[in-house]
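Engineer: The following block contains the structure, expressed as structure tokens.
The values are calculated or read from the model by the stated rules, or taken from the named source; none is laboratory data. Please read all numbers here as calculations on a predicted model, not as lab measurements. Glycine gets a Cβ as well: all are built from the backbone with ideal geometry, and neighbour counts include every protein chain shown.
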Ligand SMILES: [Ca+2]
Ligand SMILES: [Ca+2]
């Protein structure tokens, strides 16, 4: 008893006030009523399948095609979306399935608008099951939530907030060093796994059975992969011989620079550097080549350049591989690749597209856990080189 002499019991009124205050703090965490201005989170929408009408805010993470199946590319039609509270979510239990009514299919269907992947949207509809899964049906309003990438900056809302904080305010070698620290230590694929990954990252948005060959632009069956004439294979846009990295897990299996390409065109490109000009390449519209260089079609020139810039910053002599560097000549078999002046011009002339952002997000979310900084921040190119 003596130890409690200095303590006083709180009066009953104070206890009551404390309980009431606690209630006030807890109450707003319950799902908001349908008429509230604040949208529901996806978690709240999943917990509120009571046929009420509500607005739900979430990131587009794919298209549901069955109760436990959400596809992230090769979208079969414009009929449905899966939303989640994080753009990186892959667990269907953390998604709400959204029916896309006819009136909204041309603007919010994934087959027509694959660039919606990773975007944050607000959808108003009825909270009830769709595909035998927590759902949102009979939508009356679809809109982009219009958020920015937070601390991540840039124009892609799916850039994780803070991802590029270490690079802020830096230029030149200091920027390259900061970016290396952000993107190294990534998960790696085996060379065999690259086949299946490319079927996803480079799928033809107009034909789920096909991939698009990078230089030629030709759509070809995913199943036609291999080493024979007429098939597609795994093109190292940074050639294996420029750093002698082969096809063990590392630069030789890094999806940020690997692309599907026709076997014959891949062979024509060989290990040449990139530069403008030469003679036309057979079956590769708007491609040119000469003895020591290759030029692809215009619409992939920027994609190509940004992939090679990633390689130069990602590989700095660690992990048992050579320090890959871009320079301004044609090199043959060295850890160097050119020409940087041409690549900078190509990156500027062919700005980042939504399809390119989608591919970057797929590699980040589904395969490697690292991003291409030059897709998220194309201005870093001129800041380094
Ligand atoms: Ca492009
Ligand atoms: Ca390097």
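Engineer: Looking at the structure I just gave you, is residue 246 part of a loop (DSSP other than H, G, I, E, B), free of Cβ contacts under 8 Å to residues at least 12 places away in the same chain and farther than 18 Å from residue 293 by Cα?
Structural biologist: Criteria met by residue 246.
Engineer: Quick one: residue 352 ticks every box in (1) surrounded by 17 or more Cβ atoms within 10 Å (Cβ to Cβ); (2) farther than 24 Å from residue 250 by Cβ; (3) more than 16 Å from ligand 1 (Cβ to nearest atom) except a single one, so which number is it?
Structural biologist: (3)
Engineer: Would you mind finding the one in 315, 367 that is within 30 Å of residue 116 (Cα to Cα) and touching a helix residue (DSSP H, G or I) at 6+ places or on another chain (Cβ under 9 Å)?
Structural biologist: Details: 315 fails: within 30 Å of residue 116 (Cα to Cα).
After ruling out the rest, the residue left standing is 367.
Engineer: When you check residue 124 against the structure, is it modelled with pLDDT under 95, part of a strand (DSSP E or B) and over 18 Å from residue 206 (Cα atoms), yes or no?
Structural biologist: Numbers: modelled with pLDDT under 95: yes; part of a strand (DSSP E or B): yes; over 18 Å from residue 206 (Cα atoms): yes.
Against the criterion (modelled with pLDDT under 95, part of a strand (DSSP E or B) and over 18 Å from residue 206 (Cα atoms)), residue 124 qualifies.
Engineer: When you check residue 40 against the structure, is it farther than 17 Å from residue 208 by Cα and either in the same structural domain as residue 201 (by TED's automatic domain parsing) or crowded, with 20+ Cβ neighbours inside 10 Å (or both), yes or no? Steps first, answer last, please.
Structural biologist: Working: farther than 17 Å from residue 208 by Cα: yes; either in the same structural domain as residue 201 (by TED's automatic domain parsing) or crowded, with 20+ Cβ neighbours inside 10 Å (or both): yes.
Criteria met by residue 40.
Engineer: Regarding the stretch 147-160, can at least one residue be identified that is surrounded by fewer than 20 Cβ atoms within 10 Å (Cβ to Cβ) and modelled with pLDDT of 90 or more?
Structural biologist: Yes, because at least one residue in the stretch 147-160 is surrounded by fewer than 20 Cβ atoms within 10 Å (Cβ to Cβ) and modelled with pLDDT of 90 or more.
Engineer: Next question. Which members of the stretch 372-385 meet the condition of being surrounded by fewer than 17 Cβ atoms within 10 Å (Cβ to Cβ), touching a helix residue (DSSP H, G or I) at 6+ places or on another chain (Cβ under 7 Å) and outside any helix (DSSP H, G or I)?
Structural biologist: If the condition is that a residue be surrounded by fewer than 17 Cβ atoms within 10 Å (Cβ to Cβ), touching a helix residue (DSSP H, G or I) at 6+ places or on another chain (Cβ under 7 Å) and outside any helix (DSSP H, G or I), then no residue fits.
Engineer: How many residues does the stretch 214-242 contain that are surrounded by 23 or more Cβ atoms within 10 Å (Cβ to Cβ) and assigned to a loop (DSSP other than H, G, I, E, B)?
Structural biologist: Residues meeting the conditions: 6.
Engineer: Here is a further query. Would you call residue 324 within 23 Å of residue 193 (Cβ to Cβ), away from ligand 2 (no atom under 16 Å from the Cβ) and surrounded by 20 or more Cβ atoms within 10 Å (Cβ to Cβ)?
Structural biologist: no
Engineer: Would you confirm whether or not the stretch 244-252 contains a residue that is more than 27 Å from the chain's Cα centre (by Cα), assigned by TED's automatic domain parsing to the domain that holds residue 190, more than 19 Å from residue 186 (Cα to Cα) and within 16 Å of ligand 2 (Cβ to nearest atom)?
Structural biologist: So the first thing to find is which residues in the stretch 244-252 are more than 27 Å from the chain's Cα centre (by Cα), and the list is 244.
Now narrow it down to the ones that are assigned by TED's automatic domain parsing to the domain that holds residue 190: 244.
Applying the additional criterion that residues be more than 19 Å from residue 186 (Cα to Cα) yields 244.
Among the residues that remain, those that are also within 16 Å of ligand 2 (Cβ to nearest atom) are: 244.
Yes, the conditions are met somewhere in the stretch 244-252.
Engineer: Moving on. Output the number of residues of the stretch 273-288 satisfying the condition of being more than 24 Å from residue 356 (Cβ to Cβ) and crowded, with 16+ Cβ neighbours inside 10 Å.
Structural biologist: Total satisfying the criteria: 1.
Engineer: What pairs can you find where one residue is in the stretch 371-382 and without any contact (Cβ under 8 Å) to a residue 40 or more places away in the chain, the other is surrounded by fewer than 22 Cβ atoms within 10 Å (Cβ to Cβ), and their Cβ atoms are less than 9 Å apart, with a gap of 6+ or different chains?
Structural biologist: 382/344; 382/348
Engineer: Moving on. What are the residues in the stretch 291-321 that are free of Cβ contacts under 8 Å to residues at least 60 places away in the same chain, away from ligand 2 (no atom under 16 Å from the Cβ) and surrounded by fewer than 20 Cβ atoms within 10 Å (Cβ to Cβ), if any?
Structural biologist: Result: 291, 292, 293, 298.
Engineer: Is it the case, given these coordinates, that residue 70 is over 28 Å from residue 351 (Cβ atoms), in contact with a helix residue (DSSP H, G or I) (Cβ under 7 Å, 6 or more places away or on another chain) and surrounded by 20 or more Cβ atoms within 10 Å (Cβ to Cβ)? Lay out the reasoning, then the answer.
Structural biologist: Working: over 28 Å from residue 351 (Cβ atoms): yes; in contact with a helix residue (DSSP H, G or I) (Cβ under 7 Å, 6 or more places away or on another chain): yes; surrounded by 20 or more Cβ atoms within 10 Å (Cβ to Cβ): yes.
Yes, satisfied.
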